[in-house]
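The values are calculated or read from the model by the stated rules, or taken from the named source; none is laboratory data. Predicted, not measured: the structure shown is a model, and the values here were computed from it. Here the Cβ positions follow ideal geometry from the backbone for every residue, glycine too, while neighbour counts run over all protein chains shown.
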Amino acid sequence: MNPYVCASPRLEKSTSLVILNDLRRFIDDREEDRLILPLRVPEAVEEREKILERMNSAENVIVAFPLYVDSWPSHLIQWMELWSRFRGAEKKTASPRLFMIANSGFPESEQNREALEIGRLFAEKNGLPWGLGIAVGMGGSYRGMAKVPLESPLKKRVSQAFHGIREEMSQPSPEGREMMAGEVAFPRWLNNFLGTRGWYRGAKKNGLRRKDLYARPYPTR
Amino acid sequence: MLTLSTLSPNREDKMRQVLFHDTRDELGRALLEELKPWLEKSSRESACYDLNAEEIAPCWGCFSCWIKTPGQCIHRDKGELYLKEQIRSDRVLLLSPLTWGGFSAAAKVVLDRSIGTLLPFFERRKGETHHPPRYERRSELISLGYGENLTEREKDLFRKNSRNINDNIKREPEEGPCFILESTRDLDSLKKRLGGLS
């Protein structure tokens, strides 16, 4: 079993899920491997441990997440803290290989580097082998291309990065691989232009004018 | 827990400082015990919040704080107060167990819930794309990561991560100060650097 873990707070609506769907189709499309981390950790221990056990007993775990303030979203940290304790308390001997895919709306995939390094350090500290970290820039544009096949030149770098995951799964290297960038081929200016247009459209839908977006609701003193 | 020091005439030139802390273990509690009196003494006004006292909702990524209620989070919990405190303070100190080179979940949620201090648009800074700040006046963020037997890699990653956060949220100064605290002795350098004092 290779759980493809969607660790986005946006759950079903997330770019992380779009990326994972592409990856599942590329590697091994099995419905039972799909896992969306709940935003709130279940209070019932059994329910929580069922999720942790799925990750812990796997051969490979692939976690996709959005970059939130330069790192993992807080709920992913919470889940990883729980996983770490779970492994410690249960003296877990299984060691799934950890892969991570970070995406952000910014064009520079490089901005995801440290968040992936945190993943590598998590793996080391918890006795898990590291597989590969993939950094995806222009996440919003990727989501807009959900239906574009991986064979398309627009997703050339994505499929190269996914090849990296597939190779690492079949022939693991002792130290894992260096980060790969996996964004769609799209001009930076267009990514930012469409992003900005999206904010204006969203505001209009909510009955706001453009200038309302600049509101400063709280006092600075 | 909230403690507000009183205003006094000789503190007028000092800063308003706010400390958010996730201090669940012995070292964390010892650091907090030393930090709190220093914070009160060195501030014109100060506030201190225990992030474990009350859980706040994680950011849902709904972007309401950008396009529905600009500047305000959709969650009406204590996170709203934390956001206001960050905006009205000169300096924000975030004390967290150093967690694989980053912040703990309890500390990170404070940062995630603060994206309303930014605008959704894009601008280029230092060769990278970032979001511009919503407010003209910006607080200084001091990242405080603590832990025992930390490796150089963990410390280095925490420094890089703190710098990135500072670059992204464009807090002042440009190089976001970051302190690694492995014992209460390490607080001396923090007090020296941040002064009593500003």
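Considering only residues that are assigned to a loop (DSSP other than H, G, I, E, B) and at the interface with chain A (Cβ under 9 Å from one of its Cβ atoms), look in segment B:120-130 and name the one that is modelled with the lowest pLDDT.
Ranking the candidates gives B:G127 first.
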In segment B:10-59, what residues are in contact with a Pro (Cβ under 8 Å, 6 or more places away or on another chain) and modelled with pLDDT under 95?
B:R24
Within segment A:166-221, residues being basic (K, R) and within 20 Å of A:G119 (Cα to Cα) number 2
Among the candidates B:S143, B:S114, residue that is among the polar types (S, T, N, Q), buried (at least 21 other Cβ atoms within 10 Å of the Cβ) and more than 8 Å from chain A (Cβ to nearest Cβ):
B:S143
Give me the pairs: first residue in segment A:55-66 and touching a residue at least 40 places away in the same chain (Cβ under 8 Å) and under 23 Å from A:P9 (Cβ atoms), second residue buried (at least 23 other Cβ atoms within 10 Å of the Cβ) and among the charged types (D, E, K, R), beta-carbon distance under 6 Å, and six or more apart or on different chains, which are they?
none
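Would you be able to say whether some residue in segment B:161-170 is part of a strand (DSSP E or B) and at the interface with chain A (Cβ under 8 Å from one of its Cβ atoms)?
Scanning segment B:161-170, I find no residue that is part of a strand (DSSP E or B) and at the interface with chain A (Cβ under 8 Å from one of its Cβ atoms), so the answer is no.
Quick check on A:L20: is it within 17 Å of the chain's Cα centre (by Cα), closer than 25 Å to B:G101 by Cβ and part of a loop (DSSP other than H, G, I, E, B)?
No, not satisfied.
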Sole residue being over 26 Å from B:R16 (Cα atoms) and aromatic (F, W, Y), chosen from B:F103, B:F158, B:F122:
B:F122
Would you check if there is a residue in segment B:171-187 being within 18 Å of the chain's Cα centre (by Cα), buried (at least 22 other Cβ atoms within 10 Å of the Cβ), at pLDDT 95 or above and more than 9 Å from every other protein chain (Cβ to nearest Cβ)?
yes
Checking A:G139 against (1) within 23 Å of A:F122 (Cβ to Cβ); (2) surrounded by fewer than 17 Cβ atoms within 10 Å (Cβ to Cβ); (3) touching a residue at least 60 places away in the same chain (Cβ under 8 Å), only one condition comes out false. Which one?
(2)
Residues (facing chain A (nearest Cβ under 9 Å), touching a residue at least 40 places away in the same chain (Cβ under 8 Å) and aromatic (F, W, Y)) located in segment B:38-91
B:F63, B:W66
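Looking at A:S173, A:S159, which one is of a type in the set (S, T, Y) and under 21 Å from the mean Cα position of the chain (by Cα)?
The match here is A:S159.
Would you say A:E31 is of a type in the set (D, E), touching a residue at least 12 places away in the same chain (Cβ under 8 Å) and more than 21 Å from A:Y142 (Cβ to Cβ)?
It is false that A:E31 is of a type in the set (D, E), touching a residue at least 12 places away in the same chain (Cβ under 8 Å) and more than 21 Å from A:Y142 (Cβ to Cβ).
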With the condition kept exactly as written, say whether any residue in segment A:171-190 is farther than 26 Å from A:E108 by Cβ, more than 9 Å from chain B (Cβ to nearest Cβ), among the basic types (K, R) and part of a loop (DSSP other than H, G, I, E, B).
no
Which condition number in (1) surrounded by fewer than 22 Cβ atoms within 10 Å (Cβ to Cβ); (2) of a type in the set (K, R); (3) modelled with pLDDT of 95 or more is the one that A:R87 fails?
(3)
List the residue pairs whose Cβ atoms are under 7 Å apart, where the first residue sits in segment A:9-25 and is more than 15 Å from A:G139 (Cα to Cα), the second is among the charged types (D, E, K, R) and surrounded by fewer than 24 Cβ atoms within 10 Å (Cβ to Cβ), and the two are 6 or more positions apart or on different chains.
A:R24/A:D33
Out of all the residues in segment B:24-34, is one or more among the aliphatic types (A, V, I, L, M) and within 14 Å of another protein chain (Cβ to nearest Cβ)?
no
Take B:R113 and tell me if it is at pLDDT below 90, within 30 Å of A:R210 (Cβ to Cβ) and not polar (S, T, N, Q).
no
Looking at the structure I just gave you, is A:F162 away from every other protein chain (no Cβ under 13 Å), touching a helix residue (DSSP H, G or I) at 6+ places or on another chain (Cβ under 9 Å) and not in a helix (DSSP H, G or I)?
no
Which members of segment A:139-156 meet the condition of being assigned to a helix (DSSP H, G or I), out of contact with any helix residue (DSSP H, G or I) (no Cβ under 9 Å at 6 or more places or on another chain) and basic (K, R)?
A:K156
If you go through segment A:83-96 one residue at a time, do you hit one that is in contact (Cβ under 8 Å) with a residue 24 or more places away in the chain, more than 30 Å from B:F121 (Cβ to Cβ) and at the interface with another protein chain (Cβ under 9 Å from one of its Cβ atoms)?
yes
